Amino acid sequence: MTRNAEVARVLQEIGLLLEIEGKDRFKHLAYYRGVRSITSLGEDVESVAKRGALMDIPGIGKSLADVIKTYLETGEVRILNELRTRVPVNVLELDSIPGVGPKTIKLVYEKLGVTDIESLEKAANQGKLSSLPGLGEKTQKQIIEGIQIVRAGLERTLLSDAISVAEQIEKKLRKLKVVKQLTIAGSTRRRRETIGDIDFLLDATDPKTVMEEFVKFEGVATVIAQGPTKSSIRLESGLQVDLRVLPSESFGAGLQYFTGSVDHNVKLRSIAQKMGLRLNEYGLFKNEKKIAGDDEEGVYKALGLQWIPPELREDKGEIEAAQKKKIPTLVSMSDIRGDLHSHTDQSDGKNTIEEMLNTAQALEYEYYCVSDHTQSLTIANGMDESRLLKRIDEIDELNASGRWKMKILKGAEVDILADGGLDIEDDVLSQLDIVTGSIHSRMKDTKEIMTERVCTALENKYVHILGHPTGRLIGKRSEFEINLESVFETAQKHNVIMELNAHPQRLDLNAGNLRAATKIGLKIAINTDAHRISELDYMRFGVYQARRGWLTPDDVINTYPLKKLMRIIKK
């Protein structure tokens with residue numbers, strides 16, 4: 001397992017503590033740059049350190065390289081220990097709260113003695129924050145809401161992080177020759193947006209050897225339990241991983257049992273009982289005779305059901321559909337032909353357009369849309385009309401060069417303003433292939449104002465896609481107040497496509513909203529919103545979410561060949 005996230009947390013904590021201490025106005029910025037560099041690093045930072053190449057990483061100078069090297073070798077850093085003594089504040093915990101940054105942390109620490117989430121919550125509930133300079137009632141309310149968001153997600157891990165860990169553990173386990181069958185189960189296999197823990201199911205000729213190796217893996221902080229049929233570990237990240245042993249003849253039944261949600265499994269057992277059968281993790285039984293259990297398909301078939309993809313096993317109508325043999329063919333990664341929303345270094349992306357195109361071509365895309373931010377988003381170096389026109393000419397030249405087999409589409413992520421207008425003139429928008437309209441400001445508007453604002457934008461004939469429609473950041477920011485039913489109706493009337501933003505912290509729209517959108521005939525675009533080449537891999541998380549929303553290839557416009565895509569867009 002890589003130690004990148006671990007190292008990034010250390011650098012982030014040092015940066016925050018330095019900024020709060022305030023002795024050096026700019027020193028903390030170097031640590032923040034280091035966090036961004038390590039987070040986006042495409043390999044294990046420990047491997048880079050071992051070959052003495054830390055300073056080859058952009059943004060990592062000698063000072064940060066020494067800190068990283070020391071931490072990797074000893075597990076601690078003197079500067080961090082000293083800062084924690086001088087500034088006894090749990091900065092990482094407080095910084096995770098939406099609406100709370102270093103300046104607020106410094107203020108509440110110095111004025112109110114706040115050092116952690118509990119003391120901040122107490123001060124907020126007592127109304128003490130509103131009296132501080134620069135805060136007020138509104139900010140105090142936002143902080144209370146932010147604390148609730150953090151508390152709701154304290155024991156959850158983003159799907160992307162959980163899968164990364166699970167795949168690394170799976171790779172190590174599969175190297176053991178005694179392993180016959182191994183699979184990820186639970187909510188990770190169902191591709192839930194966040195994961196409580198990771199479940200593995202194992203069939204092996206020598207389970208004891210596997211268990212012994214499992215509890216000794218690098219990154220294990222605590223061995224919770226170790227036994228012949230189940231072992232549990234807690235990783236240094238805090239994530240729990242369970243490994244269960246099942247006999248070959250029960251592996252399918254166990255996989256079904258440890259994958260489905262509680263409600264899904266209860267309903268299956270009820271069906272079995274009505275048929276005079278008994279279903280558990282060891283098989284489907286008629287009296288004492290096992291009639292199914294070797295594989296999942298056999299279990300569902302014996303119950304008179306079509307096989308149900310793991311992503312649907314939430315008791316949301318999938319069992320009834322399976323009884324009628326009407327489970328749809330869900331969209332898969334192999335169906336995806338392109339990405340319609342991505343950024344370059346011309347706004348707030350990290351890579352050049354050529355680097356993004358090279359990576360997209362390696363993914364064998366048929367088309368790829370470059371859609372940088374526009375001028376209202378000044379923090380993201382958004383493009384005005386002049387720069388956007390130059391980008392249009394640049395893409396025409398790149399297409400003409402023949403360097404890329406795929407079609408490069410001209411796009412922009414255009415800001416939806418407070419009145420529902422767009423921040424780029426229509427005569428420029430008309431020259432783009434794909435316009436994605438998005439909300440990036442005034443997210444605390446009332447439901448009525450936000451709904452009218454978005455619907456007004458969708459009425460613009462040059463808007464093709466509504467980007468990240470609810471604005472949520474999982475564990476960081478709630479959805480903004482908006483009447484999606486009205487938005488969907490307006491989108492349908494004006495032929496606007498809904499985006500499923502594949503960024504693991506967005507996954508916006510959620511599964512329920514996806515079903516509601518496609519139920520009235522809306523089309524969906526699964527887009528990565530990539531800001532660097534590594535984020536083009538986010539497409540798979542969008543596909544996972546699409547499957548949870550029952551989407552078929554026909555529901556997703558970037559499964560279409562280019563000509564069909566452009567016909568749909570231009571409608």
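The values are calculated or read from the model by the stated rules, or taken from the named source; none is laboratory data. Keep in mind that what you see is a predicted model, and the values were worked out from it rather than measured. All Cβ positions, even for glycine, are placed from backbone atoms using ideal geometry, and neighbour counts span all protein chains on display.
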Where residue 109 falls short, out of the listed (1) under 19 Å from residue 5 (Cα atoms); (2) in contact (Cβ under 8 Å) with a residue 12 or more places away in the chain; (3) not β-branched (Val, Ile, Thr): (1)
Filter pass, residue 512 being under 25 Å from residue 315 (Cβ atoms), buried (at least 19 other Cβ atoms within 10 Å of the Cβ) and of a type outside the set (D, E, K, R): no
Considering only residues that are closer than 11 Å to residue 176 by Cβ and loosely packed, with under 15 Cβ neighbours inside 10 Å, which ones fall in the range 196-212? 205, 206, 209, 212
Being modelled with pLDDT of 85 or more and acidic (Asp, Glu) is the filter; apply it to the range 1-44 and report the residue that is surrounded by the fewest Cβ atoms within 10 Å (Cβ to Cβ). 21
When residue 482 is run through (1) assigned to a helix (DSSP H, G or I); (2) more than 30 Å from residue 400 (Cα to Cα), the failure sits at (1)
Per the filter on the range 381-391, residues hydrophobic (A, V, I, L, M, F, W, C) and either touching a Leu at 6+ places or on another chain (Cβ under 7 Å) or surrounded by fewer than 15 Cβ atoms within 10 Å (Cβ to Cβ) (or both) are 389
Among the residues in the range 435-453, are any crowded, with 23+ Cβ neighbours inside 10 Å, under 22 Å from residue 394 (Cβ atoms) and touching a residue at least 24 places away in the same chain (Cβ under 8 Å)? yes
Between a residue in the range 223-247 that is part of a loop (DSSP other than H, G, I, E, B) and any residue that is among the polar types (S, T, N, Q), which pairs come within a Cβ distance under 7 Å, given they are 6 or more apart or on different chains? 239/157
Which condition does residue 167 not pass, out of (1) within 26 Å of the chain's Cα centre (by Cα); (2) buried (at least 20 other Cβ atoms within 10 Å of the Cβ); (3) not aromatic (Phe, Trp, Tyr), if it passes all the others? (2)
Positions within the range 541-571 being out of contact with any Lys or Arg (no Cβ under 8 Å at 6 or more places or on another chain) and in a loop (DSSP other than H, G, I, E, B), in sequence order: 551, 552, 571
Subset of the range 171-219, residues outside any helix (DSSP H, G or I) and of a type in the set (Ser, Thr, Tyr), comes to 183, 194, 205
Scan of the range 376-397 for residues that are more than 30 Å from residue 452 (Cβ to Cβ) and in contact with an Asp or Glu (Cβ under 8 Å, 6 or more places away or on another chain), ordered by number: 391
